[in-house]
Amino acid sequence: MPPAAQTKTWADLLACPACRAGLNESATELTCRACGRRYPIEDGIPQLMLEDAKPPAEASGSGSGGRPTGKDSGT
């Protein structure tokens, strides 16, 4: 096999702990391709714990577009 076909990063081997989909890598976090959860990378180590993940609604920045939490319903 050509060397380029064997080139994979560690992110290519990891999966989202919540839904088992693949992850996209950035400098500071891994983002699930399916559910949108974001996992921080601290000191070069991915923190793939569900309690460390940022939910998809938080990933959008505005909080809209995600599932309602009921926290701000006022009831």
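What ranking of Arg38, Arg33, Arg20 emerges when the number of other C-beta atoms within 10 Å of each C-beta is taken as an exposure proxy, fewest first?
The fewest-first ordering by Cβ neighbours comes to Arg20, Arg33, Arg38.
Can you sort Leu50, Leu14, Leu23 from fewest to most other Cβ atoms within 10 Å of each residue's own Cβ?
Leu50, Leu14, Leu23
By how many nm would the segment from Asn24 to Lys8 lengthen if fully extended, with 0.36 nm per residue of separation less the alpha-carbon distance?
4.5 nm
Leu30's amide H: which non-local residues (gap 5+, or another chain) put their own amide H closer than 5 Å, with H modeled 1.01 Å from N in plane and none for Pro or chain starts?
Excluding prolines and chain starts, which carry no amide H, the hits are Tyr39, Ile41.
Read the figures in this text as sums done on the coordinates, not as results from a lab. Please read all numbers here as calculations on a predicted model, not as lab measurements. Cβ atoms come from the backbone with ideal geometry, glycine included; neighbour counts cover every protein chain shown.
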